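Worksheet: one structure, shown below.
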Amino acid sequence: METTSNTLKALLFGVLFLAGSQMMAQVTTNPDTVCAGATGEAYLVANTAGSTYNWVITGGGGAQVTGSNTSSITVDWGNTPGLYPSAVSITETDVNGCPGAPMVLDVRIIQVALSALGPFCAGDSPQILSPTPTGGTLSGTGVVGGNFDPVAAGTGTHIITYDLAGCITTINVVVNTGPTTGPIQHF
């Protein structure tokens, strides 16, 4: 039984080691993209024993939240969209006190929006959805080819979602039933 337990421990260690290696092998595309108002965004470099790290956050309303002098930090970003060159930079100083070359990362902050629509009546014509910035994905009941179609949606309240690079916004669209008029009667 002890052999099985040790074998399982070794297997678990191997899986965790490989998973950790895969996470460290990931490279962030420059510029990095974050949503306006994002909080707890993690940034890291490979940790070197004995080294200290000096992170600098500039532009984009960014503020370092955790990780002073460590190889990883978290940042809360502001709400102003745009491209911020060299928004994240780090300088590693080794155990001998020698600083390395600074590494920099540009950050693009995306603010997504979707204009309110409606309310609609059952049977109304489709209306164009106008998300900003363009290039994302629209989804929801009644979304057909970039339009909201009240007939396809049916009556009720429908949630329309716009997703661009993981930045998501939603709107509620109401389609009302029309009156039920009785038959014409003649007296």
Within the chain: Cβ-based charge dipole about Cα centre, in debye rounded to nearest 20 (Lys, Arg +1; Asp, Glu -1): 160
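Subtracting the Cα-Cα distance from 0.36 nm times the residue separation, let me have the gained length for Phe187 to Asp124 in nm, one decimal.
Length difference between fully extended and current span is 19.3 nm.
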Quarter of Cα convex hull surface for the stretch 113-176, i.e. mean projection, nm²: 3.6
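Using 0.36 nm per residue of separation minus the Cα-Cα distance, give me the extension gain between Val174 and Val65 in nm, one decimal.
Using 0.36 nm per residue and subtracting the Cα-Cα distance, I get 35.2 nm.
Return the inverse of the average 1/r over all pairs of distinct C-alpha atoms in the chain, which is the Kirkwood hydrodynamic radius, in Å to one decimal.
Working: mean 1/r = 0.0475 Å⁻¹.
21.1 Å is the Kirkwood radius here.
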Crossing angle, helix 2-25 versus the chain [Cα axis fit, 0-90 degrees, rounded to tens]: 70
Built amide H within the under 5 Å cut-off of Phe120, gap 5+: Val174, Val175, Asn176
Burial ordering of Phe187, Phe148, Phe120, fewest other beta-carbon atoms within 10 Å first: Phe187, Phe120, Phe148
The chain - Cys residues lacking any other Cys C-beta under 4.7 Å: Cys98, Cys121
Positive-end residue, the chain charge dipole about Cα centroid, Cβ charges, pick of Ala63, Gly135, Leu44: Gly135
Contact order relative to length of the stretch 60-187, as percent, for alpha carbon pairs under 8 angstrom and 6 or more apart: 19
Volume per residue that the Cα convex hull of the stretch 27-110 spans, once the total is divided by residue count, Å³: 76
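Coordinate-derived values only; no laboratory data. Please read these numbers as outputs of a predicted model, since none were measured by experiment. Positions of Cβ are generated from backbone atoms using ideal geometry, with glycine treated the same way; all protein chains shown enter the neighbour counts.
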